[in-house]
Amino acid sequence: MSAIPPVDFLALSAILLGIGLFGILTRRNFILLLISIEIAMNAAILNFVVFAAYSGTGGGIGGQAAAVVLVGLAATEVAVGLAIVLALNRVRGSINVAEATTLRQ
Amino acid sequence: MGALDFLFGWAFLVPLLPALAFVIIGLGGSRMKRLEWGGWVAVGLSFVAMVIGVLIGIGEMLSPGTYTDTSTVWLNVPTPVGPFPNGFSLVMGTLVDPVSALMLLVVTIVGFLVMLYSIGYMHHDRGLPRYYAELSLFLTAMIGLVLSDNLLEFFLFWELVGVCSYFLIGFYYEKPSAASAAKEAFLVTRIGDVLFLLGVFLYFATYALAGGGAGWAAAGFKFASGNGPFLGSLVTSASSPTLTIAGLMMLAGAAGKSAQFPLHVWLPDAMEGPTTVSALIHAATMVAAGVYLLAVTSLFLGFTPTDQLAIVAIGGFTTFFAATMAVVQPDIKRVIAYSTISQLGYMVLAVGAGFTMVGMFHLFTHAFFKALLFLAAGSVIHAIGTQDLFKMGGLRKRLPLTYVAFLVGALSLSGIPPFAGFFSKDDVLSSVYSQLGSHPAYWPFFLLALGAVFLTAYYIFRAFLLAFHGASPRDPALPEAHEGPWVMRVPLVVLSVLAFGAGFFVFVPAFAGLLSPGFTIGGVVPALQGVALGANVPPVYGTADLAISAVSLALAAGGVLTAWRLWGNGRVYALPEGSGLAPVRRLLLNRYYMKAGYDWVGQRAVYSVARAADFVDQFIIDGTVRGIERTFARMSDGLRRIQTGVVSDYAAYVVTGVVGLLLLLLFLGPWIVTAIGGG
Amino acid sequence: MFPIISLTLATLLVGTLLTFVAGARARWVALATSIVFLFEASAMLLGFTGLPQFGSGGTGFAESESYAWIHLGWLTINYSVGLDGISLVLVLLTAFLQLATVIYSWEESRRPGAWFGLVLLTCLGCLGVFVALDILLFFLFWEAVLVPMFFLIAYWGGPRRRYAAMKFFVYTHVASVVMLVALFAMAFYSGAASFDFPDLYAATHGLAATTQVFLALALFFGFGVKFPIVPFHTWLPDAHVEAPTGGSVLLAGLLLKLGGYGLIRWVVELLPQGISLIAPLLFVIAMVSIVWGSVLSLSQRDLKRMVAYSSINHMGIVLLAIAVHSPVGLMAAVLLMFAHGIVSGLLFMVSGSVHHTYGTRDIPSVGGITSRTPMLATMIMVGSLASLGLPALISFPAEFTALLATWDRLAYWVVVPLVILVVTAAFYLWMMQRLLFGPAKGGPEVVHDLPWYEGAGMAILVALTVLYGILPALLVNVIVQSPVSGPFP
């Protein structure tokens, strides 16, 4: 049916995860951080879908379902994350995560 | 007999009547319109108690026997313990037998008289409700002790009288000396008490299966065990070290309560309490409980010969030892207190020599003349407000009744015939004398007891002459003395009659029945004179060995005369300057430095150990704990540096950790699988 | 069967929750809960007729309830609760102490809602420990006690409250972890069918002696810290001195009992061979605790610290009676735990009242309390005399039977606790001499005697002290309804 082997998808997923991780580790801007997390999460969703699609008969529906749930989860996460960004900006006037270390004390 | 059974069946009421007084006064005494009303409640109820007590005493005289009533199980322990597969139970019951009837007479009569006297003596005191509540509680506990039908109930009430004594000695609690004396009394008797408890355990073990199939201890440590054999008869030889130790523990308990050497120090200090308390508790009843303990132990459990020698030694030595200290005392109450210790020594001596009932007879007469002496002294203190003999003098004219009462008490104490003390003290001496042949080791203690007769007569007449003779008080600042109200005079008269005549009771056959060895306990005839003595010599009361009587009478007369020579007619004898006796006098006044020694042990030695232990606890044990704590704190201090608070750093740690873990599994995983041997 | 135990747990739980949210009316909710709890405990007592025997379907516990909770293939955990004589007596103690504590702290003004809620929560935890028959349930309640007590000390405590609360928490928590591991190890090694006590009972007796010894040692450490045993006792004086009065009452009255109860229920009953093999060690530790607690009490200046050390002494006697490992010893141990719960509760209350009234608990600097506050003085006297073992007050029958049991097993070694009885009497009497008697000294010019609520809280405990002192059979007849402390084989 399909000519594209699953390894390609997995490679794409790994690349997405790598980009996401790189962003998480290097960005100090909260919004960029959120975007990076979303990218990394998309890697996971892609994996679910790929394995669902290639798992053969019947069993694939669970992976699809997980993907849908994760998409919803990502949306809520962004909502909460942006709310934090707004609050942070109001309180500190900056959205640099390196400065938000109050909880450490 | 039916009527008597009925009467004895109500014996439990006797302790409950003062208990009722305790509850009424304790709850409502301070709300009564006049504080004396609470006092009259106590007097009234103790009068009813006395009536029943005397009836029981008479009933027991008419028909000697043992009546037990063990209706209440106090504590049932149905679990296997020691030799009892089915456990044991501790009962609360009343036991009326000749010995307890005799004690009951003493306790209820003196108890009522002192209650009555206190109305007058304590009338000015704001703490009157407290006083009567505590005194009623004491009377309850003391009667309970007398009527106990088992060793454990006895111990329970024994502790209760101790705590009542503690409260009453500390009655004037705002005086530091009274507070200190109360503590001392409780502590010193407590030492005796724990040893007593050890003795109970030892008897528990020894007599566990004695007294028939049920077992003495299983049946509740009872003094009379139904139809079982008399327990004392089980002491067959001196070869039982457990029994010997048990007996010594009982002696220790008795020594604490009866203020015998070396646990005597508390009694003179206990004079800090009101004089009425001294009369009731520290002369007539509670301190006699120690002797009573020895008596019931010797009757029901038995002493080994070693125990007997120890008891004789303690008793004989104490008679003399305490009498020497009384000789120099300037305080009228303390003179009588030392005299009490000394007289209790006589009783202990008699019990130790195997003549239990002789000791009990001396206890009986002593209760009356000693209470009389205390109440007379109280009358003096009430009149002039001092206890210092050297401030008194010439009180004969002002206080004629008190004068006569004190004289009767002094003559009785000195053992001058025909006063009561003569009969009982003489019986003690002659009965110990009768044992000297078979027990030569008794000799020195017999001689000490004999010597104490002289000292007794001397010190009591010294006090008597100092207080009452002479022209006028030596301290002119003292107030005019007046006799107390009738409530104080009546007890003096009644006690004077008893102190004079109680000795004649032995000639009344019914009363002698209480003291005679023929009565039965638990259906068998016990060997009253101590089971270890092979041939029992029944004492013939009142007609003692004439030679001994003559010697003791001569000694007593000598004591009186010496006192007259030195102190008569208002003379005040002072030791000549540089006399060789001065150091002796100092030694006696300082009570052989025993009190100072005990204080040193308590305050310095024990307390220093406690302080040192506290140091160890705080700095070594807890220091180790804190050291561990600090080590962890330092470690975490180092580790918390990596907690920068920057989210990205944490993310980096997570990634590093996950990657590290994956690598680890990649390389180590196969190795682990082969090592465990799993699939 | 009517689920009285679950009902009681539910009552306390609901009461606790309501108290937390009741705000100013929290004390009324707490009082109502306590009274209902007391009624339920009484109902348990009245309905308690005897125990079904082990085996042939009998669980060995009265009022027992068991519901499936966590069932995995290899693990069966039930919600199981039940009563025997030992736990019933301790449940009663919990009910009494809770009521007395609530009344005593009636006028607590600092966040009363939280205060009464935490008090109730502590009691809930203790109740759960006493009735739980499943390892996991037992452990949940066991830990649940620590949390409210931590906050009681840390928020309402004295000047060093943070340190004391932390020390208490960490110390006892470390012990709990060891205990938990040992409990699980016991369940798994014995191959018991479930975590339920009856199943464990059927299985653990077959464990090898060495295994029993190791398990018993680990469990003894876990429970012993709560006792507390010397040398793991130093958290106790600190916790007591810093804790608020109500916290001290619960700490001494209930929390210390958890250790003793745990030792009897989970070690003595389940590992009989283990406990008899480590008995010599227990004897030594018990003797040391008895001596150490008493001698240290003698040197204390702080009234509360003195009472705290005397607790170590008394719990040492409890340990001694348990170590004797005879039915009468265990009976005495439980009786003494009850007695100590009541008496130490009373003594901590009077310490608190002395502090409120005179502004200090330093014994040498206050004097003449009797003439200034006679009610308070009376309470101090009753508490002290009860604690030093006066007959007709509750400790006497307990100490007597404990010493009798000790004599039965150790013969003349009983001299050690006996002699220490004198020392115990000494420090109480010395304290009374300095604090109660003599001329008035220290404190404010004008002092007021006990407020009604403090007096009422103490009066409950005094009444119990006298009642059970005169009629100890009321308790003993219940305690012996147990496989280990009773006449059952």
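The values are calculated or read from the model by the stated rules, or taken from the named source; none is laboratory data. All figures in this text were calculated on a predicted structure; none of them were measured in a lab. Neighbour counts are summed over all protein chains in view; Cβ atoms, including those assigned to glycine, are modelled from backbone coordinates with ideal geometry.
Tabulated data for the structure shown
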quantity: Unique residue being part of a helix (DSSP H, G or I), among the aliphatic types (A, V, I, L, M), under 30 Å from A:LEU21 (Cα atoms) and at pLDDT below 90 when the list is B:ALA652, B:ALA605, B:ALA610; calculated: B:ALA652
quantity: Candidate set from the range C:384-418 (those that are among the hydroxyl-bearing types (Ser, Thr, Tyr) and either at the interface with chain B (Cβ under 8 Å from one of its Cβ atoms) or closer than 16 Å to B:LEU75 by Cβ (or both)); member that is surrounded by the most Cβ atoms within 10 Å (Cβ to Cβ); calculated: C:SER395
quantity: Top-ranked residue in the range C:424-452 [being within 14 Å of C:MET379 (Cβ to Cβ) and not charged (D, E, K, R); ranked as nearest to the chain's Cα centre (by Cα)]; calculated: C:TYR428
quantity: Any chance C:LEU421 is in contact with a helix residue (DSSP H, G or I) (Cβ under 9 Å, 6 or more places away or on another chain), among the hydrophobic types (A, V, I, L, M, F, W, C), facing another protein chain (nearest Cβ under 7 Å) and part of a loop (DSSP other than H, G, I, E, B); calculated: no
quantity: Of all residues in the range B:225-251 being more than 11 Å from B:THR306 (Cβ to Cβ), among the small types (Gly, Ala, Ser) and crowded, with 24+ Cβ neighbours inside 10 Å, the one that is modelled with the highest pLDDT; calculated: B:ALA246
quantity: Lone qualifier among B:ALA313, B:ALA376, B:ALA323 - being buried (at least 24 other Cβ atoms within 10 Å of the Cβ), touching a residue at least 40 places away in the same chain (Cβ under 8 Å) and within 20 Å of the chain's Cα centre (by Cα); calculated: B:ALA323
quantity: Residue among C:MET337, C:MET331, C:MET381, C:MET432 that is under 25 Å from B:GLU159 (Cα atoms) and surrounded by fewer than 21 Cβ atoms within 10 Å (Cβ to Cβ); calculated: C:MET381
quantity: Test: residue in the range C:58-68 that is more than 18 Å from C:CYS126 (Cα to Cα), at pLDDT 85 or above and part of a loop (DSSP other than H, G, I, E, B); calculated: no
quantity: Candidate set from the range C:29-49 (those that are free of Cβ contacts under 8 Å to residues at least 60 places away in the same chain and of a type in the set (S, T, N, Q)); member that is surrounded by the most Cβ atoms within 10 Å (Cβ to Cβ); calculated: C:SER42
quantity: Options A:VAL50, A:VAL80; residue that is more than 14 Å from B:SER648 (Cα to Cα), away from every other protein chain (no Cβ under 11 Å) and surrounded by fewer than 19 Cβ atoms within 10 Å (Cβ to Cβ); calculated: A:VAL80
quantity: Qualifying residues in the range B:58-91 (those that are in contact with a Pro (Cβ under 6 Å, 6 or more places away or on another chain) and within 11 Å of chain C (Cβ to nearest Cβ)) - the one modelled with the lowest pLDDT; calculated: B:PRO80
quantity: Residue count for the range B:150-183, restricted to those that are without any contact (Cβ under 8 Å) to a residue 60 or more places away in the chain, more than 14 Å from B:VAL277 (Cβ to Cβ) and in a helix (DSSP H, G or I); calculated: 8
quantity: Candidates B:LEU95, B:LEU137, filtered to the one that is within 17 Å of the chain's Cα centre (by Cα) and either modelled with pLDDT under 90 or surrounded by fewer than 24 Cβ atoms within 10 Å (Cβ to Cβ) (or both); calculated: B:LEU137
quantity: Residue match in the range C:452-468 (condition: within 13 Å of another protein chain (Cβ to nearest Cβ), at pLDDT 90 or above, under 14 Å from C:LEU336 (Cα atoms) and in a helix (DSSP H, G or I)); calculated: yes
quantity: Given (1) over 20 Å from C:PHE220 (Cα atoms); (2) without any contact (Cβ under 8 Å) to a residue 40 or more places away in the chain; (3) crowded, with 19+ Cβ neighbours inside 10 Å, index of the condition C:VAL119 fails; calculated: (2)
quantity: Residues (touching a strand residue (DSSP E or B) at 6+ places or on another chain (Cβ under 7 Å) and within 14 Å of chain B (Cβ to nearest Cβ)) located in the range C:196-250; calculated: C:VAL241
quantity: Filtered residue count, the range B:143-177, keeping only those that are in contact with a strand residue (DSSP E or B) (Cβ under 7 Å, 6 or more places away or on another chain) and away from chain C (no Cβ under 11 Å); calculated: 4
quantity: Any hit, the range B:640-659, residues being small (Gly, Ala, Ser), free of Cβ contacts under 8 Å to residues at least 12 places away in the same chain and more than 14 Å from chain A (Cβ to nearest Cβ); calculated: no
quantity: Identity of the residue in the range B:300-310, among the hydrophobic types (A, V, I, L, M, F, W, C) and farther than 18 Å from B:TYR433 by Cα, that ends up surrounded by the most Cβ atoms within 10 Å (Cβ to Cβ); calculated: B:PHE303
quantity: Among (1) in a helix (DSSP H, G or I); (2) crowded, with 24+ Cβ neighbours inside 10 Å; (3) over 15 Å from the mean Cα position of the chain (by Cα); (4) away from chain B (no Cβ under 14 Å), the one test that C:LEU270 misses; calculated: (1)
